[in-house]
1. Per DSSP H run of n ≥ 4, the term is -39500 (n - 2.57); total these for the protein assembly as shown, divide by its residue number, and report the mean residue ellipticity at 222 nm rounded to 500 deg cm²/dmol.
2. Under a Cβ-Cβ cut-off of 12 Å, what is the net charge of the residues other than A:Ser54 that fall near it, where Lys and Arg count +1 and Asp and Glu count -1?
3. Give me a comma-separated list of calculated 3J(HN,Hα) values for the stretch B:134-148, in order, Karplus coefficients 6.51, -1.76, 1.60 applied at θ = phi - 60°, integers in Hz, x for any Gly or Pro.
4. Which lysines have a Cα less than 18 Å from the Cα of A:Lys225, not counting those fewer than 8 places away in the same chain?
5. If you find the alpha carbon centre of the stretch A:1-58 and of the stretch B:172-204, how far apart are they in angstrom?
6. ³J(HN,Hα) across the stretch A:262-274 via Karplus (A = 6.51, B = -1.76, C = 1.60, θ = phi - 60°), whole Hz, x for Gly/Pro?
7. Along the Cα→Cβ direction, 7 angstrom out, place labels at B:Arg188 and A:Val273. What is the inter-label distance in nm?
8. Using a Gaussian network model on chain A with a 10 Å cutoff between Cα atoms, which of A:Gly40, A:Gly15, A:Gly71 fluctuates the most?
Amino acid sequence: MEFFLQLLVNGLSLGFLYAVSALGFVMIFKSSSVLNFAHGELLAIGAFMFLVLSAWAKLPIILAFAITMIGSFALGFVVERLFLRPLIGEALIEVIMLTVGLAIMFKGIMLFIFGGDIHDYPKFLPEGLSMEWGAIQIPSVYVATFVIGILFLIIFGLFFKYSSQGIYMRSVADNQPAALSLGVHVKRVFALSWAIAALVCAMSGIVLGIINGVNVHELSSIGLKVFPVVILGGLDSIGGAIIGGVIIGLLETFTGGYISTSLREVIPYIVLVIILMVRPYGLFGLVEIERV
Amino acid sequence: MENNIRLLLNNISVVYSDVIQVLKGVSLTVKKGQIVSLLGSNGAGKTTTLKAVSGLLKPENGKVTEGSIEYDGSPVQNSSPEEITRKGIIQVLEGRQEFKYLTVEENLRVGTATRWGKPYKKDLEMVYHYFPALLARKGNLAGYCSGGELQMLVMGRGLMAQPKLLLLDEPSLGLAPLLVKEIFQIIRRVNNELGTTLMLVEQNANMALQIAHYGYVMENGKIVMESDAEDLRENPDVKEFYLGTAATGTLKSYKDVKSYKRRKRWL
Ligand SMILES: Nc1ncnc2c1ncn2[C@@H]1O[C@H](COP(=O)(O)OP(=O)(O)O)[C@@H](O)[C@H]1O
Ligand SMILES: [Mg+2]
């Protein structure tokens, strides 16, 4: 029972992490119909940005975190402006090839600078953060993940539900010509979704870096997991991305805990294939509203 | 004289995809505070005319290739919709383009995009004042609203932008006659009370000419007739082709081949 609860907590916090980063992926897709194959590289860039600032420049952790967040937000903006915007209106395959190209380029640059080794962050999470209930021990990193994950989800939920900018973003995803007719800056919405995506990726990348160490290959392959997550959740559903993230996180930890650690990485993709066979639009894809 | 003109189309031509010419030298004038109606059958180029004004031709690969569009005295042809909406021109698209997955109130809030960050509570109250039906539905997803509610929603959403020139594309399309009447009354009130200048594209000439001050008739990408709304209402051709009543009050025979053909083309 304790083991079960422990896996549950680990799985949930990992799941929230996937959910948060999948949010970025879904947002780009919803607003501009672009599938971002550089998702994992964005995770890695964020993680390395934080590594440079915290371990190399030895900035205070909070400052390093804040700068990483701002820096990746700006990076997302620049990537959209420089690479994606010239391709607006081009065929889907060209845009996909572009994001694949971006992924290769980013990965190459990071390998050049940081090599393929595992780097470590300085230990900064206070031990007091870890929790104990009887025999269950939750390491501080999982507690932190849990808290940060939920915090981000709430912040984004509020942003999309109540803020004007969030509502404009949803309007573009919903009906682009109508949004344009009301003066919504559609291109700015695209840029903003890339910026937010890069930011949430950086956040997830840092936490994954704390858990597993910072490594280019590792982080970019974790980025691929966004596909099972969003396909489970439905490509166009933010709520679905969250549920999808949590399900994949739980599946992974439970497979790792009860079946075998080597199966752990494979399970999400097996689930992906099964889901695609039964429900091609994902489990939680938007229900099309049709009027009679 | 010059400065009571809100919009001036000066002999404009519009071409889609560099080859498909749709407007061939359209000129028209909209005075401040007026409702100007643009009538014409399906495919005449009415929507294209509105899109030329609002800048929405651009995303459809259309372009004003000749002539000029002046808004409050300065040229706006081929500007982007982002710029034009911020100058106060809002087009309410044909076919009630609501945001399905946004609530009614969220839909209205998108209407504030041209003045992001400014207060909008008063404007919401104003819209609910003109369209009380929306207030009752404000928390519902727009995708589940009826056609009449949606027409009110998209018009209210346009008003949220505090437009100086509101372009309405076929607001009566597919609505029951009673509802059409209600909506046209509201359009007239908006024009009277808020002073909003309106351009009203319609196939329902009967209703449009009841509230418009001035009217243009378009055929095949050209303006073929223009006059005060009253005169148009009395014009025998308009009566025959649009209002459905021949001047004599008797139905013309289908043997009158020429008239039959023309009628078909018009409707
Ligand atoms: N995006 C477009 N590309 C090419 N042709 C178009 C486009 N939009 C409209 N047209 C053509 O322009 C003509 C006028 O269309 P439109 O302005 O929509 O007429 P109306 O609103 O009066 O029914 C039609 O023949 C239509 O096929
Ligand atoms: Mg039309």
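The values are calculated or read from the model by the stated rules, or taken from the named source; none is laboratory data. This structure is a prediction, so every number in the text was calculated from the model and none was measured. Virtual Cβ from ideal backbone geometry, glycine too; neighbours counted across all protein chains shown. SASA here: full protein model, heavy atoms, side chains in, ligands and nucleic acids out. Shrake-Rupley method; radii C 1.70, N 1.55, O 1.52, S 1.80 Å.
1. -16000 deg cm²/dmol
2. Working: positive: A:Lys58, A:Lys123; negative: A:Asp120.
The answer is +1.
3. Using θ = phi - 60°, the values come out as 6, 4, 5, 10, 4, x, 7, 5, 4, x, 9, 7, 7, x, x Hz.
4. In chain and number order, the partners are A:Lys107.
5. Value for the Cα centre distance between the two parts: 51 Å.
6. 6, 7, 3, 6, 8, 3, x, 6, 5, 4, 3, 5, 4
7. 6.9 nm
8. A:Gly71
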